[in-house]
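Read the structure below first, then the notes.
Every read-out reported here was derived from the displayed coordinates using simple, explicitly stated rules and does not represent laboratory data. Note that this is a predicted model, so its numbers are computed, not measured. Here the Cβ is made from the backbone with ideal geometry for all residues, glycine too, and neighbour counts use every protein chain on show.
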Amino acid sequence: MSESEIRQLLIKQDVEGVLNAVETDLPGQPGNATRRNNLSGCRIFLRWAFEGNQSVLSPTPTLGNEYLAFLQHKHPDTPASVINRLAHARNFYTALQAHGAAVADPFAQLDAPSNDPALHKQAYTEPEIQRMLTHGDAREQALVLLGAHAGLTGPEVAALNWRDMQFEQGILQVRGREVPTGQTLHAALQLHAHQQGVTQLFGGEGRVFPELENDHLVRAALFRVCVGGNVSYRAWRALRNHAGLRMLSLTHDEAEVARYLGLGTLKAVKFIQRAIDRGMGQAEPLT
């Protein structure tokens, strides 16, 4: 297919037509995983460009950085996905050039992000946690602290039941492990329980957050709390990482942190330690 024909397909924003035109110049063999992955990555790039009214054939100087920011927002915890999608976009421009398109590669001068997990280990800082708590109601405070202090995962928070809590002992029973609440989380849970009509005297039954039926809704609730506290939203994992930073600072025991967070291996904790070494997050003592 000629350059002019590809140009017309791009003007029409015909994603599949463009992909069919350049497919033979993408890496891999017809039908294999490499080719399929490249087609998928090119499709994501083209849809992003078309939806944002970006010119593919006359890219702006900022297009590469803008697409990188989009990918980092979409894949906050998987830098490998960001790197792969950038490579697919670069391959798309190589394929365009192979078809005679006189177009500059907007990614040529872009530094690819590192795939070192420790460099991408995000954690909410203590001031950010405090802003969320200050601006949140009792329910939102309990939600944030279950991640930032207890280190629960999003699915664990969604499934958490009042019967999982031993208020007298200050312990949560979560998937076979005991998680101490600490004074701050204990107080937040007590207030939230009181507002829900759950008392220590009679115990409780039912989910702690009945409106948060799954992990997606938990993350959406955290997003709203971040907006209210003027905090840049990061994935729920960043709350867990905050909890890991705090516990590691307190105990200096990787095995204990792994048990506390319910991790099967020490690998993830070692990433947290490397993140600490690079100054990530603010480790605060448990209160």
Cα convex hull volume per residue for the range 3-115, in Å³, equals 94
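Treat every Asp and Glu Cβ in the range 52-192 as -1 and every Lys and Arg Cβ as +1, leave all other atoms uncharged, and give the resulting dipole magnitude about the Cα centre to the nearest 20 debye.
Details: 9 positive and 13 negative charges, 59 e Å.
With only Lys, Arg, Asp and Glu charged at Cβ, the dipole is about 280 debye.
Using Cβ counts within 10 Å as a stand-in for footprinting exposure, how do His88, His135 rank, fewest first?
Values: His88 20, His135 16.
Listing His88, His135 from fewest to most nearby Cβ atoms yields His135, His88.
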Sorting Ser40, Gln141, Ala158 by the position of each Cα along the dipole of the range 25-184 (Lys, Arg +1; Asp, Glu -1; all at Cβ), the one nearest the positive end of that ordering is Ser40
To the nearest 20 debye, the chain has a Cα-centred charge dipole, built from +1 on Lys and Arg Cβ and -1 on Asp and Glu Cβ, of 220
Once amide hydrogens are built 1.01 Å from N within the peptide plane, the residues lying 5 or more places from Thr181 or on another chain with amide H under 5 Å from its amide H are Ile171, Leu172
Rounded to the nearest 500, the 222 nm mean residue ellipticity computed for the chain from DSSP H runs (n ≥ 4, each -39500 (n - 2.57)) alone is -17000 deg cm²/dmol
If unit charges are put on Cβ atoms (+1 for Lys and Arg, -1 for Asp and Glu) and the dipole of the range 3-115 is taken about its Cα centre, the option from Gly28, Phe92, Gln13 lying farthest towards the positive end turns out to be Gly28
So the compactness index of the range 204-252, its C-alpha Rg divided by 2.2 N^0.38 Å, takes the value 1.41
